[in-house]
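Just so it is clear, none of the values below were taken in a lab; they were calculated from the coordinates. Quantities reported herein were computed from a predicted structural model and do not represent experimental measurements. Please note: Cβ atoms are built from the backbone with ideal geometry, for glycine as well, and neighbour counts cover all protein chains shown.
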Amino acid sequence: MREGAQLTRNNVSAYAALEAGMARVLQTAGDTGDKLREIIDAYFDPEHGIGCTLCRSHIQSRDFSLGNYAYLTDGDEGLESFNVDRDHMSILPLIKRAAGKAGSCFRLFSSP
C-alpha cells in the first residue's frame, strides 16, 4: 500500500491511502486503443497517473451503462436465463486492464 495521510483518533494513529476509481467511467468513455490506454494510465498507473487501487463496477445495467440489460429474465426463479456474456465483452476486459496497471494492490467491488 502506498503511503497516505496520517489519521489520529482516540490517541491511535493510522495511515490511509487514497483509493478511488470506477470501471463504469471507463465503460462509458467509448474510446478504444490509445485513448483507452491513456484513460487507464491516468486512473490506475501508480507512476504516471493518480494510482487508484479501488475500482467500482456495477451489477447489471445502470444509468451510465451503454445500454439496458439484466442478468436474468423477469420471473426466472430457476436462474435458467442467467447470463453475464455482456460483461465478458465490455466490463471485464476493462477491469482486467485496470488491475494489470494498478498491480497487486488492486481491489474491486461490485454493487447494484
Checked the stretch 69-91 for anything over 13 Å from Ile59 (Cβ atoms) and either surrounded by fewer than 12 Cβ atoms within 10 Å (Cβ to Cβ) or under 16 Å from the mean Cα position of the chain (by Cα) (or both); matches are Thr73, Asp74, Gly75, Glu77, Gly78, Leu79, Glu80, Asp85, His88, Met89, Ser90
Among all residue pairs at least 6 apart or on different chains, which show Cβ distances below 7 Å where the first residue, located in the stretch 87-109, is more than 15 Å from Ile39 (Cα to Cα) and the second is of a type in the set (Ser, Thr, Tyr) and outside any loop (DSSP other than H, G, I, E, B)?
-> Leu108/Ser57
Within the stretch 40-47, is there a residue that is over 15 Å from the mean Cα position of the chain (by Cα), charged (D, E, K, R) and within 23 Å of Lys101 (Cα to Cα)?
-> yes
